[in-house]
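The values are calculated or read from the model by the stated rules, or taken from the named source; none is laboratory data. Bear in mind the structure is a predicted one, so any value in this text is a computation, not a measurement. Cβ atoms come from the backbone with ideal geometry, glycine included; neighbour counts cover every protein chain shown.
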Amino acid sequence: MHRKVEYTYWFLNDILIEEPMGVLTNLLLVILAWYFAGRLFKQGSSWPIMFFLFIGLAHLAGSMAHGFFYIFGESMHLAGWLISGTALFFLEWAIISGSAKWSWLRWISLLKLISFAILAFQVRDFLIVNINFGIGMIGMLLPIEIAEFRRTRSASSLWFLRALVFLLLPAVVSITRFSPHNYFTPRRT
């Protein structure tokens with residue numbers, strides 16, 4: 001498969017690393033995710049641990065996909081997308097499990113994960129990842145956390161709401177394809 005790419009790359013000895021900034025940011029996210037998983041492990045919170053473990057794996061796959069596309073092709077992208085969808089599923093279950101009031105959403109979450117996996121294989125476009133994120137975070141979890149915050153003034157709900165606002169920033173960058181320079185986000189055609 002031939003693709004026209006305008007991007008920067010690094011050589012580490014004789015190893016070509018494409019999109020080095022994407023590789024570095026993904027690896028940083030792996031370290032952070034697994035750090036938080038380790039912190040939560042000490043508290044014994046299983047669903048949130050699974051979220052951080054899987055989101056770390058997804059970013060590890062992402063770093064391999066972006067850095068070594070010439071070796072893995074799009075298969076590593078697809079693997080990272082599927083792992084990230086699974087991570088979101090674990091986050092949904094972590095939040096839904098916090099209240100019996102929302103337990104019926106577990107089946108919707110599972111159905112969403114299965115639909116996402118099928119669509120990811122069929123469409124093979126990052127747009128599917130963005131749609132899955134939007135449905136899960138904004139369509140399911142945001143209303144739950146707003147309701148829980150209004151009811152309890154819970155600090156964890158407030159942190160979730162702050163984190164969601166923070167997560168929307170890279171989503172906007174991804175959707176609009178904003179980039180100050182090809183060094184940060186290469187233009188693939």
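A few comments on the model shown:
- For segment 118-127, a residue qualifies if it is part of a helix (DSSP H, G or I), in contact (Cβ under 8 Å) with a residue 24 or more places away in the chain and either more than 17 Å from Ala87 (Cβ to Cβ) or not hydrophobic (A, V, I, L, M, F, W, C) (or both), and exactly one does: Phe121.
- Of the numbered criteria (1) modelled with pLDDT of 95 or more; (2) more than 17 Å from the chain's Cα centre (by Cα); (3) among the hydrophobic types (A, V, I, L, M, F, W, C), the one Trp107 fails is (1).
- Some residue of segment 20-29 being touching a Phe, Trp or Tyr at 6+ places or on another chain (Cβ under 9 Å), in contact (Cβ under 8 Å) with a residue 60 or more places away in the chain and not in a helix (DSSP H, G or I): no
- In segment 2-24, the residues that are β-branched (Val, Ile, Thr), at pLDDT 90 or above and surrounded by 12 or more Cβ atoms within 10 Å (Cβ to Cβ): Ile17, Val23
- The one condition in (1) of a type outside the set (Gly, Ala, Ser); (2) under 27 Å from Ile114 (Cα atoms); (3) not in a helix (DSSP H, G or I) that Leu16 fails to fulfil: (2)
- When residues of segment 110-164 are limited to those that are small (Gly, Ala, Ser) and either at positive phi or touching an Asp or Glu at 6+ places or on another chain (Cβ under 7 Å) (or both), the one surrounded by the most Cβ atoms within 10 Å (Cβ to Cβ): Gly136
- Any hit, segment 162-170, residues being more than 26 Å from Gly22 (Cβ to Cβ), charged (D, E, K, R) and in a helix (DSSP H, G or I): no
- Selection over segment 90-117 of residues that are of a type in the set (Phe, Trp, Tyr), free of Cβ contacts under 8 Å to residues at least 40 places away in the same chain and closer than 30 Å to Arg151 by Cα gives a count of 2.
- Residue satisfying all of: in segment 25-76; touching a helix residue (DSSP H, G or I) at 6+ places or on another chain (Cβ under 7 Å) and of a type in the set (Phe, Trp, Tyr); surrounded by the most Cβ atoms within 10 Å (Cβ to Cβ) among these: Phe51
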